[in-house]
Amino acid sequence: MITRIVERVYCDLEERPSILLANINPTTDIRANMNKIEEIIEIAHQKQVNIVIFPELSLTGYIWEGEEGEVWDHLLEGETTQLIPWFNNIKESLSDNQQGPEYVFFNNAFQKGDNLYNSSFILHPNYDYTDHNLTYDKIFLTPLERRFFTGGSDKRLTIDTRWGRFGFLTCYDLCFVELARQYAFTDNVDAIITAAAWRAHAIRDYPRMNVRTDNYYGFLWDLMNSSKAAYNQTWSIGVNEVGSHDRSGVLFWGGSGVWAPSGLPLLQGSRMREEILIIRNLDIKEERARSEVEFNYRIEFESVYRQMKDTRKDIKDLTPEDQEQEERTR
């Protein structure tokens, strides 16, 4: 049972959405994960939040090094189409009357033909979550993930709600700035949702500078969510696993949170323990518009952007006459 619930209020406008972030530690016990997810959905009803967001692979738990057949069997056991009655029960508990949960943003293993994808999808009264056109398939896979999952195409997923437009990333996708930029500048989203199982531990050591961290990956999670928001003038909402993996012992960073279009973090979860984060009355569209008053990065970018051609020349290959011409044109 999750006993720690952290609530914050963004503004007094109660018609704005309240969002729940599940900063949790899924295990490889699928039934236990199902029970935990059901508990969180019940909390969402009790607290009358509008949007619930779970981390990456929160139903199966993250994959691990081991016998490949065992991992395959585990992922297929928790695969989305194998548990349609369970997902339908969650979907049927949702409503669009603004009095409680309306959207659940979920990530899970999803089989399409002969391939298995790491897919994010939307549970909502009026959405068919089994429609492959309404899923976002993780594009950038780690080497471990490529043993089991097929990478997605460049197809992005956006959803328009009464509170704003949302786009979706999954974990490692966060490292690739072009994808977030497409969401922000092309799709004009107000917020980018990232579901993750983002690790904590990696060493970076600069001994002569007396600088070292054992949690470099964790540093990147905070940095990239903040910079994604600031560069694109969008909200960044990241939901991450926390605690150690029950098979591998890998430590996940937690730190689920909400970053404003300024890049400043407004709320972040624990990096050690499970907890539920609720941010109420989040003024999504309006705050994004306010952030663009001084500088609108998208408009400024579009006024000068063009696809750059590779006109670079290697200076060592130029004749003396060419080098002189090159210098004159700089």
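Coordinate-derived values only; no laboratory data. Since we're looking at a predicted model, the values are computed, not measured. Positions of Cβ are backbone-derived with ideal geometry, glycine not excepted, and every protein chain shown enters the neighbour counts.
Here, P(r) means the percent of Cα pairs in each 10 Å bin from 0 to the largest distance; for the chain it is 5, 25, 32, 21, 9, 4, 2, 0.
The helix-based estimate of mean residue ellipticity at 222 nm for the chain, built from -39,500 (n - 2.57) per DSSP H run of four or more residues and divided by its residue count, is -7500 deg cm²/dmol to the nearest 500. Over all other residues within a Cβ to Cβ distance under 14 Å of Gly78, the charged ones net out to -4, with Lys and Arg as +1 and Asp and Glu as -1. Here, the range 108-208 is characterised by an Rg to Rh ratio of 1.03, where Rg is the alpha-carbon radius of gyration and Rh the Kirkwood radius. Peptide packing: for 97-103, 29-35, the average count of neighbouring Cβ atoms within 10 Å per residue gives the ranking 97-103, 29-35, highest mean first.
May I ask what percent, to the nearest 5, of DSSP beta bridges between residues of the chain are antiparallel?
On the way: 34 of 57 bridges.
Looking only at bridges with both residues in the chain, the antiparallel portion is about 60 percent.
Put simply, the range 202-306 fits an ellipsoid with semi-axes of 31, 21, 11 Å; these come from the alpha carbon gyration tensor as the roots of five times its eigenvalues, largest first. Selection among Leu76, His124, Trp64 by position relative to the dipole of the range 48-138 gives His124 as farthest towards the positive end (Cβ unit charges, Cα centre).
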